[in-house]
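The values are calculated or read from the model by the stated rules, or taken from the named source; none is laboratory data. Source: prediction; values computed, not measured. Because the Cβ atoms are built from the backbone with ideal geometry, glycine has one as well, and the counts that use them run over all protein chains shown.
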Amino acid sequence: VQLQASGGGLVQAGDSLTLSCAASGRNFKSYAMGWFRQAPGKEREFVAAISWGGGRTDYTDSVKGRFTISRDNAKNTVFLQMNSLKPEDTAVYYCALDSRSYLSGANYKWNYWGQGTLVTVSS
(Lines give C-alpha, C1' and ligand atoms only; values in the text may rest on other atoms or scores of the structure.)
Protein backbone atom coordinates (compact mmCIF):
# COMPACT_ATOMS: atom_id res chain seq x y z
CA VAL A 1 0.00 0.00 0.00
CA GLN A 2 1.19 3.48 -0.84
CA LEU A 3 -0.37 6.71 0.37
CA GLN A 4 -0.04 10.07 -1.35
CA ALA A 5 -1.19 13.13 0.56
CA SER A 6 -1.84 16.44 -1.15
CA GLY A 7 -3.67 19.71 -0.78
CA GLY A 8 -1.54 21.57 1.70
CA GLY A 9 -0.65 25.22 1.32
CA LEU A 10 -0.45 28.66 2.85
CA VAL A 11 -3.74 30.13 4.01
CA GLN A 12 -4.92 32.85 6.35
CA ALA A 13 -6.61 32.31 9.68
CA GLY A 14 -10.30 31.60 9.16
CA ASP A 15 -9.80 30.09 5.72
CA SER A 16 -10.64 26.56 4.64
CA LEU A 17 -8.53 23.88 3.04
CA THR A 18 -9.16 20.29 1.98
CA LEU A 19 -6.48 17.65 2.14
CA SER A 20 -6.61 14.48 0.08
CA CYS A 21 -4.88 11.15 0.48
CA ALA A 22 -4.90 8.70 -2.40
CA ALA A 23 -4.15 5.07 -1.67
CA SER A 24 -2.89 2.39 -3.98
CA GLY A 25 -4.11 -1.18 -3.80
CA ARG A 26 -7.34 -3.07 -4.22
CA ASN A 27 -8.69 -3.29 -0.69
CA PHE A 28 -8.92 0.36 0.28
CA LYS A 29 -12.60 0.08 1.15
CA SER A 30 -11.81 -2.41 3.91
CA TYR A 31 -9.26 -0.23 5.74
CA ALA A 32 -9.65 2.43 8.39
CA MET A 33 -7.92 5.70 7.54
CA GLY A 34 -6.57 8.49 9.65
CA TRP A 35 -4.94 11.91 9.61
CA PHE A 36 -2.14 13.02 11.88
CA ARG A 37 -0.11 16.21 12.09
CA GLN A 38 3.25 17.32 13.35
CA ALA A 39 3.93 20.93 14.17
CA PRO A 40 7.49 22.27 14.30
CA GLY A 41 9.23 21.07 17.43
CA LYS A 42 6.31 18.94 18.54
CA GLU A 43 5.36 15.28 18.52
CA ARG A 44 3.11 13.87 15.84
CA GLU A 45 -0.49 13.93 17.03
CA PHE A 46 -3.71 12.28 16.02
CA VAL A 47 -6.21 14.51 14.18
CA ALA A 48 -9.01 12.34 12.82
CA ALA A 49 -9.94 8.81 11.83
CA ILE A 50 -12.66 7.15 9.81
CA SER A 51 -13.72 3.52 9.88
CA TRP A 52 -13.57 1.30 6.84
CA GLY A 53 -17.24 1.84 6.05
CA GLY A 54 -17.27 5.50 7.00
CA GLY A 55 -19.82 4.99 9.73
CA ARG A 56 -17.54 6.02 12.53
CA THR A 57 -15.37 9.12 12.74
CA ASP A 58 -13.17 10.30 15.58
CA TYR A 59 -11.47 13.65 16.13
CA THR A 60 -9.06 15.19 18.52
CA ASP A 61 -10.79 17.80 20.67
CA SER A 62 -8.98 20.77 19.16
CA VAL A 63 -10.48 20.19 15.70
CA LYS A 64 -13.99 19.02 16.57
CA GLY A 65 -16.57 21.16 14.80
CA ARG A 66 -13.98 22.55 12.38
CA PHE A 67 -12.51 19.51 10.58
CA THR A 68 -14.37 16.73 8.79
CA ILE A 69 -12.87 13.45 7.65
CA SER A 70 -14.55 11.59 4.81
CA ARG A 71 -13.73 8.94 2.26
CA ASP A 72 -14.56 8.00 -1.30
CA ASN A 73 -13.96 4.28 -1.63
CA ALA A 74 -14.57 4.35 -5.37
CA LYS A 75 -11.60 6.70 -5.71
CA ASN A 76 -9.43 5.12 -2.99
CA THR A 77 -9.23 8.53 -1.36
CA VAL A 78 -9.70 9.98 2.10
CA PHE A 79 -10.26 13.69 2.69
CA LEU A 80 -9.80 16.12 5.52
CA GLN A 81 -11.95 19.22 5.18
CA MET A 82 -10.51 21.92 7.42
CA ASN A 83 -12.56 25.01 8.18
CA SER A 84 -11.93 28.02 10.40
CA LEU A 85 -8.23 27.34 10.33
CA LYS A 86 -6.08 28.75 13.11
CA PRO A 87 -2.35 29.46 13.25
CA GLU A 88 -2.01 26.57 15.71
CA ASP A 89 -3.20 24.22 12.94
CA THR A 90 0.09 24.85 11.16
CA ALA A 91 1.80 21.48 10.71
CA VAL A 92 2.77 18.77 8.31
CA TYR A 93 -0.29 16.59 7.88
CA TYR A 94 0.08 12.86 7.33
CA CYS A 95 -2.47 10.29 6.29
CA ALA A 96 -2.29 6.79 7.69
CA LEU A 97 -3.89 3.42 7.10
CA ASP A 98 -4.71 0.44 9.31
CA SER A 99 -4.40 -2.58 7.05
CA ARG A 100 -6.52 -4.92 9.16
CA SER A 101 -9.52 -5.43 6.92
CA TYR A 102 -13.03 -4.67 8.16
CA LEU A 103 -11.84 -3.79 11.63
CA SER A 104 -14.53 -3.62 14.29
CA GLY A 105 -14.23 -0.77 16.76
CA ALA A 106 -11.63 1.99 16.85
CA ASN A 107 -8.54 0.31 18.25
CA TYR A 108 -6.53 1.45 15.26
CA LYS A 109 -2.95 0.50 14.57
CA TRP A 110 -1.53 2.64 11.82
CA ASN A 111 1.00 0.68 9.80
CA TYR A 112 1.13 2.64 6.54
CA TRP A 113 1.91 6.34 6.28
CA GLY A 114 1.89 8.94 3.56
CA GLN A 115 4.70 11.42 3.01
CA GLY A 116 2.99 14.45 4.52
CA THR A 117 1.68 17.74 3.18
CA LEU A 118 2.45 21.10 4.78
CA VAL A 119 -0.33 23.37 5.98
CA THR A 120 0.66 26.86 7.07
CA VAL A 121 -1.92 29.17 8.60
CA SER A 122 -0.94 32.81 8.93
CA SER A 123 -2.51 35.14 11.48
Problem - Which numbered condition Glu88 misses (of (1) over 17 Å from Phe46 (Cα atoms); (2) loosely packed, with under 14 Cβ neighbours inside 10 Å) - result: (1)
Exercise for the section: Test Ala106 against the criterion of being over 18 Å from Leu118 (Cα atoms) and surrounded by 22 or more Cβ atoms within 10 Å (Cβ to Cβ), and give yes or no. Expected result: no
Exercise for the section: Would you be able to say whether some residue in the range 63-81 is closer than 21 Å to Pro40 by Cα, over 14 Å from the mean Cα position of the chain (by Cα) and touching a residue at least 40 places away in the same chain (Cβ under 8 Å)? Expected result: no
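Can we say Val47 is surrounded by 15 or more Cβ atoms within 10 Å (Cβ to Cβ), of a type in the set (Val, Ile, Thr) and in contact with a Phe, Trp or Tyr (Cβ under 6 Å, 6 or more places away or on another chain)?
When the stated conditions are applied, Val47 passes them.
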Fill in the blank from the handout: Within the range 64-81, restricting to residues that are surrounded by fewer than 21 Cβ atoms within 10 Å (Cβ to Cβ) and among the β-branched types (Val, Ile, Thr), the one that is nearest to Val119 (Cα to Cα) is Thr68
Completion exercise
So the strands (runs of 3 or more DSSP E) completely within the range 1-113 holding 1 or more residues that are touching a helix residue (DSSP H, G or I) at 6+ places or on another chain (Cβ under 7 Å) and of a type in the set (Val, Ile, Thr) are 45-50
Problem - Filter pass, Ser104 being of a type in the set (S, T, N, Q) and touching a residue at least 60 places away in the same chain (Cβ under 8 Å) - result: no
Completion exercise
Within the range 18-40, residues surrounded by fewer than 21 Cβ atoms within 10 Å (Cβ to Cβ), within 20 Å of Asp89 (Cα to Cα) and at pLDDT 95 or above come out as Thr18, Ser20, Gln38, Ala39
Practice task
Considering (1) exposed (fewer than 15 other Cβ atoms within 10 Å of the Cβ); (2) within 12 Å of the chain's Cα centre (by Cα), say which one Cys95 fails and leave the rest.
Solution key: (1)
